[in-house]
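Here is the structure we will look at, set down as structure tokens.
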Amino acid sequence: MTSTLAQQDLDHLFHPATDLRGLRESGPIIWSRGQGVYIWDQDGRQYLEGMAGLWCTALGYGEKELARVAAEQMETFCYGPLFAGRSNEPSIRLATRLSRWVPIEGARFLFGCSGSDANDAQIKLIRYYYNAIGKPEKRKILSRGNAYHGVTVATAALTGLPAFHRHFDLPMDDVIHLGSPHYYRFAEPGESEAAFVERRARELEEVIEREGADRIAAMIAEPLMGAGGVILPPAGYWERIQPILDRNDILLIDDEVVCGFGRTGQAFGCQTYGMKPATMTMAKALSSAYQPISAVAVPPFMYEAIEEAAGGVGLFAHGLTYSGHPVAAAVADRNLELMEERGLVEHAARMGERLQARLAPLADHPLVGNLRGIGLIAGLELAADKAARQAFEPSAKMGFKVAAACLDAGLVVRAIPGDIIAVCPPLIINEVQVDELVDKLSTGLDRVAATL
Ligand code: PMP
């Protein structure tokens, strides 16, 4: 029987990123509260939140200190824009703190409300920058298959997943998609990881040759791909790609929306993988999802060129009503301060090692074709035939079945198209909870395997 709330949901809510027909049959799952790494549904059932919501609740649920800071800021000064040179203290404090976290010397921080609007701003900033320095023709942006960079018109175009283009008249001009770095899925038969990396590097060089380095502004990339299927760069990938970008004066936009603030075992994914980004996009763990906020790190060379050009017209004409919202900024600032006080990045690195070690035996599970992960993020790609790397028929919905079986066992994981099970728990997870997560995941896999 559908509860009143569930019926009202079906009647009045438009669910984003949802199988709308399927929802009519299944009805929504309504979460009602959370504490630490656990959440509870409307019927009082407890679940371990193995996906940190949407890769975002780094500090876990029910953190009273962040609630206190939000309430205090709302009472003191609920809103003041950063437009026209006005400022507010939380935004200044957050930008100052970020300048100590972010490995881009002298960066300034442009705030937004979501990863999408921040990546959208990245495109606008890059255009503004190249126009400012008299290279207006340098405007194409490279992205990759399986990438996820957001859902605004421009960032959905950067996203390299067909479902985000179909029906939306995307992608758009000026965006060029390179091949996905997903070795397990896209390697030729018998191709080594090194040969695969070489093929991807040659592809990049060919695209640059074809389009002209003077027409390519930037490449946007996640250090490891999250929403596209927890795709780790194959060994040597960034070491090979980065010099090609540098040689051709192509700026690297580092999308740290999932990787940022400890997920991969270091503060940022670019540090884990030795990338040298020009700019960086952050969101999600920036506030541990207690407030919607994002940030773009803008390096001095870009800021100075933009400042000079904007001087001519008197206005840098970009900004959201809520860019630098004081409540969001105060919460994000305290969130990062709590991470510092609690040594959360180091904790996440230790728990990450445990998670990867405990998951390792699942590589031999009959349903698992490929297990991959680093730090507190992992992906299990299911396969019908392990040896042949053959996927299940999409109509079998194996990924969804495993995710449903895990849910039944009391664990939230995510099924990504391609039958990939994603795991990305809050960074505060402890040893016992890591073990609980892996045990419940095994149970979910076993239960589905038993039905075949
Ligand atoms: N970039 C990456 C890497 C992401 O994972 C996401 C969201 N999953 C975004 C950008 C977009 O962020 P948002 O959903 O906050 O717009």
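The values are calculated or read from the model by the stated rules, or taken from the named source; none is laboratory data. Computed from a predicted model, the values in this text were never measured in an experiment. All Cβ positions, even for glycine, are placed from backbone atoms using ideal geometry, and neighbour counts span all protein chains on display. Surface areas here come from the heavy atoms of the whole protein model, side chains and all, with no ligands, DNA or RNA. Shrake-Rupley method; radii C 1.70, N 1.55, O 1.52, S 1.80 Å.
Observations, loosely collected:
- Scanning the range 415-427 for residues that are under 21 Å from A163 (Cα atoms), buried (at least 20 other Cβ atoms within 10 Å of the Cβ) and not β-branched (V, I, T) turns up D419, A422.
- Residue in the range 376-390 that is surrounded by 12 or more Cβ atoms within 10 Å (Cβ to Cβ), out of contact with any Pro (no Cβ under 7 Å at 6 or more places or on another chain) and part of a helix (DSSP H, G or I) present: no
- Checking each residue in the range 74-118 for being closer than 23 Å to E346 by Cα and touching a residue at least 12 places away in the same chain (Cβ under 8 Å) picks out L94, A95, R97, L98, W101, V102, P103, I104, E105.
- The numbered conditions (1) open to solvent by less than 20 Å² (accessible area, probe 1.4 Å); (2) under 30 Å from E381 (Cβ atoms); (3) charged (D, E, K, R) are all true for E188 except (1).
- Checklist (1) more than 18 Å from the chain's Cα centre (by Cα); (2) open to solvent by 20 Å² or more (accessible area, probe 1.4 Å); (3) not hydroxyl-bearing (S, T, Y) applied to Q266, failing item: (1)
- Hey, A309 modelled with pLDDT under 95 and either over 21 Å from the mean Cα position of the chain (by Cα) or farther than 30 Å from S442 by Cβ (or both) or not: yes
- Listed conditions (1) out of contact with any Leu (no Cβ under 8 Å at 6 or more places or on another chain); (2) farther than 24 Å from L251 by Cα are all met by F164, apart from (1).
- Given (1) within 16 Å of the ligand (Cβ to nearest atom); (2) surrounded by 16 or more Cβ atoms within 10 Å (Cβ to Cβ); (3) touching a residue at least 24 places away in the same chain (Cβ under 8 Å), number of the condition K124 does not satisfy: (2)
Residue-wise test of (1) out of contact with any Pro (no Cβ under 7 Å at 6 or more places or on another chain); (2) open to solvent by less than 60 Å² (accessible area, probe 1.4 Å); (3) within 30 Å of A84 (Cβ to Cβ).
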| site | (1), (2), (3) |
| --- | --- |
| M302 | yes, yes, yes |
| A309 | yes, yes, yes |
| F316 | yes, no, yes |
| L371 | yes, yes, no |
| M398 | yes, yes, no |
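- Residue check for A71: crowded, with 18+ Cβ neighbours inside 10 Å, outside any loop (DSSP other than H, G, I, E, B), more than 16 Å from the ligand (Cβ to nearest atom) and modelled with pLDDT of 95 or more: no
- Within the range 98-115, considering residues that are over 17 Å from S323 (Cα atoms) and among the charged types (D, E, K, R), the one nearest to the chain's Cα centre (by Cα): R100
Conditions tested, residue by residue: (1) open to solvent by 100 Å² or more (accessible area, probe 1.4 Å); (2) assigned to a helix (DSSP H, G or I).
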| position | (1), (2) |
| --- | --- |
| A6 | no, yes |
| D9 | no, yes |
| F14 | yes, no |
| A17 | yes, no |
| G22 | no, yes |
| E25 | yes, yes |
| I29 | no, no |
| W40 | no, no |
| L48 | no, no |
